[in-house]
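The values are calculated or read from the model by the stated rules, or taken from the named source; none is laboratory data. As the structure is a computational prediction, the values presented were derived from the model and not from experiment. A quick note on method: Cβ atoms are made from the backbone with ideal geometry, for glycine too, and the neighbour counts reach across all protein chains shown. Side chains included, ligands, DNA and RNA excluded: accessible areas come from the protein's heavy atoms. Shrake-Rupley method; radii C 1.70, N 1.55, O 1.52, S 1.80 Å.
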Amino acid sequence: PSTLDVMVDRIEISGVELFDTDAVEGALEVHVGEVLERAKIVRSAQNLQTLYRSKGYEELSVRTELVRQKISDGSVETILRIQVKEGKPSRLVKVSFQVARKGAGGIWPKIEERVRSRMKIQPGDAYDQERVIDTKREVLEALAAEEYVGARILGTNEKASEAPKDLTPLPDAARWLELEFKVDIGEKVNFGFRGNTQFTVGRLAELVKAQRLAGFGEDYVTDIRKRIEDEYRNIGYAKVVVETLTFEKVDAREKHVTFVIHEGKRVEIDSVEFDGYSAFSPRELRTEFFDRAPNLVQLRYYVPRDVDRAAELLVEWVKSEGYLSARLITVNKSYVGETKARLLVYLYEGERTLVESAEFEGLEQLTRDQALDTLGVTEGKALNLFVFTEGIEKLKARYRNAGYLDFRVINEGTERVVTYADENRKARIRLELDEGPKFTVNRIEIEGNERTQKSVILHELSFKPGDVLKDDLLAESETNLKRLQIFSGVSVRIFTDSERPD
């Protein structure tokens, strides 16, 4: 059967020296308090094998034993014993590199020197797979630093060898291996720029470097070209065109790519028109569009990314005016000559949502009008969800600053707060409140002041016994104490006074 129908009370692990307890326990699929399953025992042993082999320990053996024994209170305890025999690791005699392509003779010694100075696997070390991966990464990073593109590690070869004669003392090993990395260095690529006046060569080279760090794909030249064009468009050169010229030295596996930049002229916004609206005037929409736009658009420069952002922010403003279904359809452009762009912003305005009713459950300390004013809600007026969301936070702050520190909105974050009717034209608001008790200060206790007089601390507090305890007074008192800069840490806590449970 796959299940042994026994509960594991304790797991004992012996023979582990290479790993810490957490690493070994993380490999186990058997846990204390669970019904023991044979499949989990088998998988746990396999996981341990994998863990050890990744560090070069291929001789590992795992033995499991289930023991039931009586303990002091007379009950029977079930113990799973896992006995590990680590054995000896496979170790490396030599680490070498085989370069798979011609034309690497001049550069490879420099690359190899750098890699060897930084790689974490050396002759005599256990055959640790994590260190092998680190070495592969070092090779690729070194080649990238020398402007080689498309470099790959084609694989590793290992072969048995005799123990090295120059290692003293000679560590124990199950077997000795020679490890060889097969490397394809790719091709050396360098870049040049022509026609640039708005950006320095250094700035354009940074764009290439950023793309290199992100990873060169198969069509890396196109990726860099698009990145340069985007950089120009982001400062208003919307008609920029970048061409590429490529020169190759096939025998040397070298390539030089020149980006020829036709910057054109900076494009200004000639006009902005709108479609799909009825409640607002074109002047009103245009004013809100430019007021919310990023700086360059405010200066009337056409930056596609910033224009889209301004249009999105305009829609958010339309929503704040009660048109909750409003959305941006698209922004079209047309050029007038070489330096002017006309924009047409298509909106879907939708129907306006009005507050039909606002109800409160548990409201006692404020009047209904006070609560509505704090929430920024007026019955019969448009619902602004942004103001309403901020209003809930203001309502909570108002209560806390009146001493109701446990105040909460019970249904906050649920669909019961705002419900809609008549195809979203009407909104009904309902808030379920738990005001909680009003807190007053009965006692002030001070802990941790070994050298500072109690009176110094009390002087910095913004409340005293008998005062209503307000949220802002708590924060202000903590700030005052920290400002003294004589304490390593300060915290102000409130708790129910056992002498005054009310």
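In this structure, does Leu296 turn out to be surrounded by 18 or more Cβ atoms within 10 Å (Cβ to Cβ), under 36 Å from the mean Cα position of the chain (by Cα) and not basic (Lys, Arg)? Criteria met by Leu296. Exactly one residue among Leu385, Leu366, Leu344 is within 30 Å of Leu474 (Cβ to Cβ), among the aliphatic types (A, V, I, L, M) and either touching a Lys or Arg at 6+ places or on another chain (Cβ under 6 Å) or in contact (Cβ under 8 Å) with a residue 24 or more places away in the chain (or both), and that residue is Leu366.
Per-residue answers, yes or no, for (1) assigned to a strand (DSSP E or B); (2) out of contact with any Ser or Thr (no Cβ under 8 Å at 6 or more places or on another chain):
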site	(1), (2)
Tyr346	yes, no
Glu351	no, no
Ala358	yes, yes
Thr374	no, yes
Arg416	no, yes
Thr419	yes, yes
Leu431	yes, yes
Arg443	no, yes
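Candidates Lys102, Lys120, Lys110, Lys70: the one that is modelled with pLDDT under 90, touching a Ser or Thr at 6+ places or on another chain (Cβ under 8 Å) and not hydrophobic (A, V, I, L, M, F, W, C) is Lys120.
Among residues of region 449-461 that are touching a residue at least 24 places away in the same chain (Cβ under 8 Å) and at negative phi, those with a beta-carbon under 8 Å from a residue that is surrounded by 13 or more Cβ atoms within 10 Å (Cβ to Cβ) and hydroxyl-bearing (Ser, Thr, Tyr) at least six positions away or on a different chain give the pairs Glu460/Ser477. All told, Pro465 falls short of being closer than 23 Å to Phe407 by Cβ and without any contact (Cβ under 8 Å) to a residue 24 or more places away in the chain. Quick one: would you say Ser90 is open to solvent by less than 50 Å² (accessible area, probe 1.4 Å), within 34 Å of the chain's Cα centre (by Cα) and of a type in the set (S, T, N, Q)? Here the answer is no, as Ser90 does not meet what is asked. The residues of region 418-445 that are over 40 Å from the mean Cα position of the chain (by Cα) and over 27 Å from Arg408 (Cβ atoms) amount to a single one, Asp422. Candidates in region 448-474 are the residues that are under 43 Å from the mean Cα position of the chain (by Cα) and open to solvent by 60 Å² or more (accessible area, probe 1.4 Å); of these, the one that is nearest to Gly436 (Cα to Cα) is Lys470. Taking region 145-251 and the strands (runs of 3 or more DSSP E) fully enclosed by it, the elements with 3 or more residues that are open to solvent by 30 Å² or more (accessible area, probe 1.4 Å) and closer than 27 Å to Leu92 by Cβ are at 152-161, 175-184. Determine, yes or no, whether Glu113 is open to solvent by 30 Å² or more (accessible area, probe 1.4 Å) and within 22 Å of Lys182 (Cβ to Cβ). For Glu113, the condition - open to solvent by 30 Å² or more (accessible area, probe 1.4 Å) and within 22 Å of Lys182 (Cβ to Cβ) - is met. Being open to solvent by 70 Å² or more (accessible area, probe 1.4 Å) and either touching a residue at least 60 places away in the same chain (Cβ under 8 Å) or over 31 Å from the mean Cα position of the chain (by Cα) (or both) is the filter here; which residues of region 130-144 pass it? Glu130, the sole residue that qualifies. State all residues of region 384-421 that are aliphatic (A, V, I, L, M) and within 22 Å of Ile494 (Cβ to Cβ); if no residue qualifies, say none. Answer for region 384-421, where residues must be aliphatic (A, V, I, L, M) and within 22 Å of Ile494 (Cβ to Cβ): Leu395, Ala397, Ala402, Leu405, Val409, Ile410.
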